[in-house]
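The values are calculated or read from the model by the stated rules, or taken from the named source; none is laboratory data. Remember, it's a predicted structure, so these values are computed and weren't measured experimentally. Methodologically, a virtual Cβ is constructed for each residue, glycine included, from the backbone with ideal geometry; neighbour enumeration extends over all protein chains shown. With ligands, DNA and RNA removed, areas are computed over all heavy atoms of the protein, side chains included. Shrake-Rupley method; radii C 1.70, N 1.55, O 1.52, S 1.80 Å.
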Amino acid sequence: MLSQVDEVASSAHADLQKVTGLDELEAWRVRYLGRKSKLISILRSLAALPVDERRDIGARANQVKNQLEASLAQKKEELDSSVNLSLTRESIDISLPGQPYHLGRLHPTTKTTREICDIFISMGFQIAEGPEVEWEYYNFEALNMPAEHPARDGFATLWVDYKTETGARPMLMRTHTSPVQIRTMEQVKPPIRVIAPGRVYRYEATDATHEWMFSQVEGLAVDKNITMADLKGTLFEFARRLFGTDRKCRFRCDYFPFVEPGVEIAIDCFMCGGKGCRLCGNSGWIEILGAGMVHPEVLRGCGIDPEVYSGFAFGMGVERIPILRFGIDDIRHFYSNDLRFLRQF
Ligand code: FA5
């Protein structure tokens, strides 16, 4: 039995060398010092031994037990201090100042578009959408502008070569959001109340109020008994909500082949207060939208009987609105990607 105690002692010491973590150390303790371990069983069986053997084996077994307990305590201390060391190394100093990082924000055109849409949605309009690369038919012909119509000159067009097996078909970058009127009336029958926000493109020189790519919001209402008074009431209410009651709003005749009669709405120039300056082209006014009563030919082309239904439509330039509200002196700031400008919104 004495030799068994020595075997336990040597294998316990050898195994302890291999222990690398606290879990392994606990397993080692259970194996060599636990209630069911060999050493404890020997100690328990001492009472049944003759007195001489009990004294020798008991003394040795207790000595081994004390050594193993001391080794266990020492190993535990070593492991604890190495865990603490690695925790200290991996710890984060939360008092250090953080890395500054910039939050993204919405572009002023997106913000304004959403604001415009919210106003019309509160009046019962729904959002409609159309493609930016458009068929000539929707951009011009269906809007009462057949080929060679002089009004096409007002929409300097970027053409797209679209080749099919049967030959090229004329496509273009839409010059206005009005094609969405046609696409909507082809799909939905009156009553209709939609607004269509989106980008448009014109092949023209830029200046303080003209870009070659800009955004518009189109509006269309078709129903029985819609009159010019509805158009004026809707657009004046829109201007009042967006610009407040202090700004002057000019409503006067204009010509667009797809409406009859046609009108334009302009707001007094913020920069000169109406006296005339570089921004407003010395007119004292900045035009924000074109509008009118939908032409009977356009309604008929979409299968809507103009004897029964009438409607109004409008198309506004989105960037012109923050220009007027926040006093921006040049539309070209919007797309020149100067963050000092964009971060102000
Ligand atoms: C149109 O585009 C018509 N489709 C509007 C319309 C719709 C009339 C429905 C009647 C019925 P116009 O070319 O005037 O019209 O453009 C409308 C608005 O877009 C202008 O009032 C102006 O605010 C803005 N706009 C026009 N050209 C530019 C440009 N180059 N850069 C920035 N904004 C522009």
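Numerical summary
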quantity	calculated
Summed residue charge, Cβ within 12 Å of Phe312's Cβ, Lys/Arg positive, Asp/Glu negative	-2
Using alpha-carbon coordinates, inclination of helix 2-18 to the longest axis of the chain, degrees	30
Rounded tilt (10° steps) of 228-243 against the dominant C-alpha axis of the chain	40
Accessible-area composition of segment 2-90, carbon plus sulfur, in percent [1.4 Å probe]	52
Inverse of mean 1/r across different Cα pairs in segment 2-90, Kirkwood, Å	14.2
Two-decimal Rg to Rh for the chain - Kirkwood Rh, Cα set	1.57
Difference of contour (0.36 nm per residue) and Cα-Cα distance, Thr88 to Glu260	54.0 nm
Segment 187-345, accessible area per residue, ligands and nucleic acids excluded (1.4 Å, Å²)	47
Non-local Lys pairs in segment 108-342, i.e. 8 or more apart or on different chains, that have alpha carbons under 26 Å apart	8
Charge context of Leu22, other residues only, Cβ under 10 angstrom, K/R +1, D/E -1	-2
Within the accessible area of segment 242-345 (1.4 Å probe), percent carbon and sulfur	49
Cβ-defined net charge surrounding Thr184, 12 Å radius [Lys, Arg +1; Asp, Glu -1]	0
The chain - mean residue ellipticity at 222 nm from DSSP helices (-39,500 (n - 2.57) per run, n ≥ 4, rounded to 500)	-12500 deg cm²/dmol
Pair Asp56, Glu165: separation of 7 Å Cα→Cβ label points (nm)	10.6
Cysteines (scope the chain) whose Cβ has no counterpart Cys Cβ under 4.7 Å	Cys117, Cys249, Cys253, Cys302
Of Val30, Leu2, Val188, farthest towards positive along the dipole that unit charges on Lys, Arg, Asp, Glu beta carbons give the chain	Leu2
Solvent-accessible heavy-atom area per residue, rounded to whole Å², over segment 2-90 at 1.4 Å	67
